[in-house]
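Here's the structure we're looking at; comments come further down.
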Amino acid sequence: MPVQRSRTTDLTNGNPYRLIISFALPILLGQVFQNLYNSVDSIIVGNYVGKTALAAVSSCSDISMLLTGFFTGFSTGSGVLFARYFGAKKYDDLHDAIHTALAFAFAIGIILALTGVLLTPVLLKIVACPEDVLKEATDYLRIYLIGILFTAIYNVASGVLRAVGDSRSPLYYLIITSIANIILDTVFVALLKWGVIGAAAATILSQLLSCFLIFRNMLRTKDVYRFVPRDLKIRKEYLGQIIDLGIPAAIQASLISISNLFVQRYINLFGSSAMAGVGAAKKIDKFIGIISQSIGLAATTYASQNLGAKKTDRAMGTVRVCMLLALGSIVLLGTPVYIFAPQSLRIFTSDAEAINYGVAMVRVILPLYVFQSANAIYANVVRGFGKSRQVMLFSVFGMIVCRQIFLGITMSVWHDIRFVYVGFPVGWGCAAIFCIIYYYRMIARMKKEQRTAEAAAATESGASQG
């Protein structure tokens, strides 16, 4: 197979800080545009349709993330295998693993899209969607979920590019599709007055465009990640590894989204103003949270490539570098968001009550983002070491079980929406503690095995010389 190293990046050599920053920055900017892409619906609907329409779109966000999160997690987990093959320079294995993952994602994407459309009323019932926004929420969600297949394929394909060190191409595609989404939202909602239906239609057309752009890249390149349509089939020898690494991450993301559906129930109990305000605050919250997420994704690829290249000590240094970068970035960017929270919320809605709910949420969780950073980075590094199932268990127990117990107790006793806000960092913190403990135990075990191997090699070398 021809090898053209034009876009790929070898993370096994060079300064770790420089490599991780240069690799994470396009991911970060891409996440910014991805969130902008997702926020445009809320901004335009909130300003041109009204508060109940914004509440309808907001109530659907966690439901849509249930399915999109599955494929985001799947692409992150399977990307560990791609990065390992790339780091080990096993390009034929990389080619076959990529085509197996894409074929599997296509099949599962169709199934989940159909299931989501059929179960839309059930999903909205789970989040206790109020009657005054139910019709708009149903219309929006059903159309939005038709495009989940495009999101699925794009996420897996962009995971392939990240695994081989190309974090820039997905950024370019997200910029293009974000601009397209803004234009289409403006036309469909502001000019044609299609309401939430127009917002959903704009989103799925933009998702289709993102698929076209990334596959155009993979079809035309002569690099190691080239897509060859006739090779698109599921190979059992790779599917087992992809499932082992990708499905736990996918299930983790989906279960957390399911947990968020039950959190949304608590929010919905406070009415449409709370739904609109918290929904807008979540959009702002995501712009800060993506810092740690982006560095965490870079950490997964960095650790995986170095393990594939047998550079274990270099892989072990990932956490220190990434934590310093994440914490510094959050302080730098989170401070102005905290100060100017009211002005930020007015971008989404002019309703004073909704703004008050949103400002309260932003100012409660931003100072506690250290827990989110620790969880994102330690979890992704552990996953980069191939321990995807362990990360899934820690995340499920911390971000679902612990958070739901906390909310169940506090909301039954005090029924104060501020406890819903605090529930997010409670989940991050619990999951982070489990990951940190496991990480250092894993590293200690690896160092012990390394010393044993070195001692055995030295003994064997001495015996042969004697």
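Residue-wise test of (1) surrounded by fewer than 22 Cβ atoms within 10 Å (Cβ to Cβ); (2) among the polar types (S, T, N, Q).
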| site | (1), (2) |
| --- | --- |
| Ile242 | no, no |
| Ile258 | yes, no |
| Phe262 | yes, no |
| Ile267 | no, no |
| Gly277 | no, no |
| Ala298 | no, no |
| Ser304 | no, yes |
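Residue-wise test of (1) modelled with pLDDT of 80 or more; (2) of a type in the set (S, T, N, Q); (3) touching a Phe, Trp or Tyr at 6+ places or on another chain (Cβ under 6 Å); (4) not in a helix (DSSP H, G or I).
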{"residue": "Met1", "(1), (2), (3), (4)": "no, no, yes, yes"}
{"residue": "Gln4", "(1), (2), (3), (4)": "no, yes, no, yes"}
{"residue": "Arg7", "(1), (2), (3), (4)": "no, no, no, yes"}
{"residue": "Leu19", "(1), (2), (3), (4)": "yes, no, no, no"}
{"residue": "Gln31", "(1), (2), (3), (4)": "no, yes, no, no"}
{"residue": "Gln34", "(1), (2), (3), (4)": "no, yes, no, no"}
{"residue": "Ser39", "(1), (2), (3), (4)": "no, yes, no, no"}
{"residue": "Ile44", "(1), (2), (3), (4)": "yes, no, no, no"}
{"residue": "Cys60", "(1), (2), (3), (4)": "no, no, yes, no"}
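Per-residue answers, yes or no, for (1) in contact (Cβ under 8 Å) with a residue 60 or more places away in the chain; (2) of a type in the set (Ser, Thr, Tyr):
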position	(1), (2)
Arg18	no, no
Ile27	yes, no
Ser39	yes, yes
Ile44	yes, no
Ala53	yes, no
Gly73	yes, no
Ala88	yes, no
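Pairs linking a residue in region 196-212 that is over 16 Å from Ile179 (Cβ atoms) and touching a residue at least 24 places away in the same chain (Cβ under 8 Å) to a residue that is among the small types (Gly, Ala, Ser) and surrounded by 24 or more Cβ atoms within 10 Å (Cβ to Cβ), with Cβ atoms under 6 Å and 6 or more positions apart or on different chains, are Val196/Ala53; Val196/Ala56.
Taking region 261-297 as the range and being under 19 Å from the mean Cα position of the chain (by Cα), modelled with pLDDT of 90 or more and of a type in the set (A, V, I, L, M) as the test, the residues that pass are Ala281, Ile295.
Scanning region 412-432 for any residue that is out of contact with any helix residue (DSSP H, G or I) (no Cβ under 8 Å at 6 or more places or on another chain) and assigned to a helix (DSSP H, G or I) turns up at least one such residue. Taken together, the residues in region 336-367 that are charged (D, E, K, R) and part of a helix (DSSP H, G or I) amount to 2.
Looking only at residues of region 42-90 that are over 23 Å from Trp194 (Cα atoms) and of a type in the set (S, T, N, Q), we find that the one that is surrounded by the most Cβ atoms within 10 Å (Cβ to Cβ) is Ser78. Assess whether Ile347 counts as being touching a residue at least 40 places away in the same chain (Cβ under 8 Å), farther than 22 Å from Phe86 by Cα and not hydroxyl-bearing (Ser, Thr, Tyr). Yes: the conditions hold for Ile347. Candidates in region 145-167 are the residues that are more than 17 Å from the chain's Cα centre (by Cα) and assigned to a helix (DSSP H, G or I); of these, the one that is nearest to Phe212 (Cα to Cα) is Ile146. Within region 151-171, can one find any residue that is farther than 30 Å from Ile295 by Cβ and either surrounded by 24 or more Cβ atoms within 10 Å (Cβ to Cβ) or at pLDDT 90 or above (or both)? No: zero hits.
Just one of the listed residues (Ala137, Ala103, Ala113) is crowded, with 20+ Cβ neighbours inside 10 Å and among the aliphatic types (A, V, I, L, M), and it is Ala137. The sole residue among Gln305, Gln264 that is polar (S, T, N, Q), under 20 Å from Val426 (Cβ atoms) and part of a helix (DSSP H, G or I) is Gln264. Mind counting the residues in region 370-411 that are in a helix (DSSP H, G or I), surrounded by fewer than 24 Cβ atoms within 10 Å (Cβ to Cβ) and free of Cβ contacts under 8 Å to residues at least 60 places away in the same chain? The total comes to 11.
The values are calculated or read from the model by the stated rules, or taken from the named source; none is laboratory data. Nothing here was measured: the structure is a model prediction, and the numbers come from that model. A quick note on method: Cβ atoms are made from the backbone with ideal geometry, for glycine too, and the neighbour counts reach across all protein chains shown.
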